[in-house]
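Participant: The structure's right below; bear with me while I get my questions together.
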Amino acid sequence: MMSVLFSLGLFCACSNDDDTWGSQDQYQPNQGELCKAWQLIGYGSEGNFHMIAEEYRQKSDTFGYRFYLVFNSDGTITGRESINSIYGDYTCLGSQIKIGEVWTTLIYDPKGSDESEAFLNHLRAAKTYVIKDLQRLRIYYSDNEFLYFESQTQGVRSDV
């Protein structure tokens, strides 16, 4: 009986089309939801959002998505920024997240260096996270500024 009620509750929660994100303080994460590949769409705040360049949001035969992270269940992260590989570690406690050391390869991309620097700086300042509909992720690096990601299995959206 409990599993039926749980399944029904999960179905209702996942089928909600409400586009509000709710409070970071009230978010109750399931860390398993974080453990997958996330494509960076942009960063900033609700009123001042910066989408990364279109060419970095499109899949490339050479690099796949140019800005993405994979959160692994062993507490490590891998991914890419521009043309460099990223690797490091993270810890979560509730909705709080701390990104430890983050290392990258050292290939210079003159077009993507500003985007890469902003991405890495914001990632290193991560404080909390919220996942919406299992497909959208915000990692807050200040009270109202966030990195916005989408699950790599989904297409690019513009409503953050």
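The values are calculated or read from the model by the stated rules, or taken from the named source; none is laboratory data. In this text, all values refer to a predicted model and were calculated from it rather than measured experimentally. Neighbour counts are summed over all protein chains in view; Cβ atoms, including those assigned to glycine, are modelled from backbone coordinates with ideal geometry. Accessible surface areas use protein heavy atoms only, side chains included; no ligands, DNA or RNA. Shrake-Rupley method; radii C 1.70, N 1.55, O 1.52, S 1.80 Å.
Participant: When the accessible area of the stretch 30-149 is split by element with a 1.4 Å probe, what percent falls to carbon and sulfur?
Facilitator: Answer for the stretch 30-149: carbon and sulfur cover 48 percent of the accessible area.
Participant: Here's something else I'd like to know. How many Å² of accessible area per residue for the stretch 86-149, probe 1.4 Å?
Facilitator: 50
Participant: While we're looking at this one, here's another question. Could you give me the ³J(HN,Hα) list for the stretch 118-130, computed from phi with Karplus coefficients 6.51, -1.76, 1.60 and θ = phi - 60°, whole Hz, x at Gly and Pro?
Facilitator: 4, 4, 5, 4, 5, 4, 5, 9, 3, 10, 9, 9, 9
Participant: Over the Cα atoms, compute the radius of gyration (one decimal) and Dmax (the largest Cα-Cα distance, rounded to a whole number) for the stretch 80-140, in Å.
Facilitator: 12.8, 38
Participant: Mind checking the full-extension length gain between W103 and C35? Use 0.36 nm per residue of separation minus the Cα-Cα distance, one decimal, nm. Each step should come with its number before you reach the end.
Facilitator: Numbers: separation 68, 0.36 × 68 = 24.48 nm, distance 1.93 nm.
Additional length available on full extension: 22.6 nm.
Participant: Report the net charge of residues surrounding G112, where surrounding means a beta-carbon distance below 11 angstrom and charges are Lys +1, Arg +1, Asp -1, Glu -1.
Facilitator: Combined, the nearby Lys, Arg, Asp and Glu give -3.
Participant: If you don't mind, there's one more thing I want to ask. Order these peptides, 140-151, 47-58, by their mean beta-carbon neighbour count within 10 angstrom, highest first. List each step's numbers first, then the result.
Facilitator: Values: 140-151: 18.5, 47-58: 14.0.
Ranked by mean Cβ neighbours within 10 Å, highest first: 140-151, 47-58.
Participant: Here is a further query. Counting pairs of Cα atoms in the stretch 42-145, how many percent are more than 22 Å apart?
Facilitator: Considering the stretch 42-145, 29 percent of its Cα-Cα pairs are separated by more than 22 Å.
Participant: By how many nm would the segment from L134 to S73 lengthen if fully extended, with 0.36 nm per residue of separation less the alpha-carbon distance?
Facilitator: Working it through step by step, the gained length comes to 20.3 nm.
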